[in-house]
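Q: Structure in structure tokens, see below.
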Amino acid sequence: MAIWLSRSRKIAHFLNPKIAYFLQPEDFSYKIHVNYVNSSSFRTLSGENFRSPHAFLDNSATVSALQRRCRRPESTRAGEQVETRYSDDDYEDENQAMDFPGGRVSFTHEMKFISEAADKRIPCYRVLSDDGYLIAGSRFEQVDKETAVKMYKSMVTLQIMDNIFYEAQRQGRISFYLTSTGEEAINIAAAAALTSDDVILPQYREPGILLWRGFTLQEFANQCFGNNADYGKGKQMPIHYGSNKHNFFTISSPIATQLPQAAGVAYSLKMDKKEACVVAFTGDGGTKQFRSDGVVVKGQAYGIRSIRVDGNDALAVYSTIRAAREMVIHEQKPVLVEALSYRVGHHSTSDDSTKYRPVDEIEHWKTARSPLARFRKWVHKNGWWTDDEESELRGSIRKQLLNAIQVAEKTEKPQLAEMFSDVYDNLPSNLHEQEKSLRETIKRHRQDYPTDVPL
């Protein structure tokens, strides 16, 4: 089984201004979509019909939540129907039809072309308002105090870690960094909804999943500094984390390479008869942005169940991923989830995003639309979190991170020979020659090479 998670971004002028109910026309939406594909997904891609989803994934339930109907918030786990895009009622001659691969096709005497753009956008599933209140009529997976507090603490930790490592790069202490700022809810809520047996094939903005699974701040620092304690032995750029222990494949920069790999990993789970799934994340380049209503509409094109969710709403993301995983595991069917969010930080330390987007837009999403602020309000309203606990947590995490950086900096770098290890069982002659040439060059120009790398 496999889950494909990906992000996409659209400029405001691509948005439909008529659908301003839950997505303001002026919003710059940063979209993330998740494809859940199980170990039998190869069969479902032929276009078989889907039935029996969870109630809170039903389109009508989502609409009722967004319209704030006067109903008591509910928690639910299962439902009975998936909405179909077309029905026989759309055609006048509904009794005239033919059987065709993929289902029965109705005839109509009217020549009608399908519009290049839908009149209405796919609605967005949401549970919490921007003020942290449950929206009337919302159906969601209940989260207990222990889980909710851990989720919030992890989101705060991820935010502080990003800020400190980003500053460390600016100080020249590490060579590169990029943040997950604005996407904390997707990171942590998705991680909380999955199990430790589920395999992750990330892009490079999912360190929160590793954090949730127990990867320590020291381990993050070791990787960013490429020292001898780094599991990649200094061969990867900073933030390209990986951990066999936590079922987290090492991050690969080339776009979308993890997607076909995820299919292979999923098939291995099927062969081993494991009740687990594979999660693969990808970004803009991997989805190839197109002129339609985001990425969620790709679901039907591939015969995959799909939903759009508010990526800044931790409860909505948690509920959606929990439901999608259950479908993948028990129904053996793929699911596509698009989560609307916004990348608040620059693309990386090599980028200045203010060159292509307004500063006030960034600030708006950083403050008014912050996923941390919204979730904190909800946790606080439940009596599970206080201002004193907030202050204590932030001070403690900052202290731990600064100490981890100091330790990582003092730890010896991997030996030069490690550059050529871990690929071949027996090193081929051309690599022997390269290593010999490198050592000779370093010997002649020692002043040009770092002194902290053992030869």
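The values are calculated or read from the model by the stated rules, or taken from the named source; none is laboratory data. What you see is a predicted model, and the numbers here were worked out from it, not measured in a lab. Note: ideal-geometry Cβ built from the backbone for every residue, glycine included; neighbour counts use all protein chains shown. Surface areas here come from the heavy atoms of the whole protein model, side chains and all, with no ligands, DNA or RNA. Shrake-Rupley method; radii C 1.70, N 1.55, O 1.52, S 1.80 Å.
Q: Looking at the stretch 201-234, which of the residues that are in contact with a Ser or Thr (Cβ under 7 Å, 6 or more places away or on another chain) and among the basic types (Lys, Arg) is surrounded by the fewest Cβ atoms within 10 Å (Cβ to Cβ)?
A: 213
Q: Tell me whether the stretch 125-133 contains one or more residues that are out of contact with any Gly (no Cβ under 9 Å at 6 or more places or on another chain), aromatic (Phe, Trp, Tyr), in contact (Cβ under 8 Å) with a residue 40 or more places away in the chain and open to solvent by 50 Å² or more (accessible area, probe 1.4 Å). So that I can check it myself, show each step before the final result.
A: Keep residues of the stretch 125-133 that are out of contact with any Gly (no Cβ under 9 Å at 6 or more places or on another chain), which gives 125-133.
Subset that is aromatic (Phe, Trp, Tyr): 125, 133.
Going one step further and asking which of them are in contact (Cβ under 8 Å) with a residue 40 or more places away in the chain, we end up with 125, 133.
Still in the list and also open to solvent by 50 Å² or more (accessible area, probe 1.4 Å): 133.
Yes: the stretch 125-133 contains one or more residues that are out of contact with any Gly (no Cβ under 9 Å at 6 or more places or on another chain), aromatic (Phe, Trp, Tyr), in contact (Cβ under 8 Å) with a residue 40 or more places away in the chain and open to solvent by 50 Å² or more (accessible area, probe 1.4 Å).
Q: Would you mind stating whether residue 377 is assigned to a loop (DSSP other than H, G, I, E, B) and touching a residue at least 40 places away in the same chain (Cβ under 8 Å)?
A: Values: assigned to a loop (DSSP other than H, G, I, E, B): no; touching a residue at least 40 places away in the same chain (Cβ under 8 Å): yes.
When the stated conditions are applied, residue 377 does not pass them.
Okay, residues lined up against (1) surrounded by 13 or more Cβ atoms within 10 Å (Cβ to Cβ); (2) at pLDDT below 95; (3) on the phi < 0 side of the Ramachandran plot:
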| residue | (1), (2), (3) |
| --- | --- |
| 406 | no, no, yes |
| 409 | yes, no, yes |
| 416 | yes, yes, yes |
| 423 | no, yes, yes |
| 433 | no, no, yes |
| 441 | no, no, yes |
| 448 | no, yes, yes |
| 454 | no, yes, yes |
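Q: Only one of (1) under 18 Å from residue 205 (Cβ atoms); (2) assigned to a loop (DSSP other than H, G, I, E, B) is not met by residue 296, so which one is it?
A: (1)
Q: Another question about this same structure. If residue 303 passes every condition in (1) open to solvent by 30 Å² or more (accessible area, probe 1.4 Å); (2) more than 27 Å from residue 130 (Cα to Cα) but one, which one does it miss?
A: Going through the list (1) open to solvent by 30 Å² or more (accessible area, probe 1.4 Å); (2) more than 27 Å from residue 130 (Cα to Cα), residue 303 breaks only (1).
Q: So residue 250 ticks every box in (1) among the polar types (S, T, N, Q); (2) farther than 30 Å from residue 121 by Cα; (3) in contact with a helix residue (DSSP H, G or I) (Cβ under 8 Å, 6 or more places away or on another chain) but one. Which box is left unticked?
A: Going through (1) among the polar types (S, T, N, Q); (2) farther than 30 Å from residue 121 by Cα; (3) in contact with a helix residue (DSSP H, G or I) (Cβ under 8 Å, 6 or more places away or on another chain) one by one, residue 250 breaks only (3).
Q: Next up: For the stretch 318-361, enumerate the residues that are open to solvent by 10 Å² or more (accessible area, probe 1.4 Å), in contact with a helix residue (DSSP H, G or I) (Cβ under 7 Å, 6 or more places away or on another chain) and either without any contact (Cβ under 8 Å) to a residue 24 or more places away in the chain or assigned to a helix (DSSP H, G or I) (or both).
A: Those that are open to solvent by 10 Å² or more (accessible area, probe 1.4 Å), in contact with a helix residue (DSSP H, G or I) (Cβ under 7 Å, 6 or more places away or on another chain) and either without any contact (Cβ under 8 Å) to a residue 24 or more places away in the chain or assigned to a helix (DSSP H, G or I) (or both): 318, 322, 325.
Q: Quick one: residue 255 ticks every box in (1) surrounded by fewer than 17 Cβ atoms within 10 Å (Cβ to Cβ); (2) touching a residue at least 40 places away in the same chain (Cβ under 8 Å); (3) assigned to a loop (DSSP other than H, G, I, E, B) bar one, so which box is it?
A: Every listed condition holds for residue 255 apart from (2).
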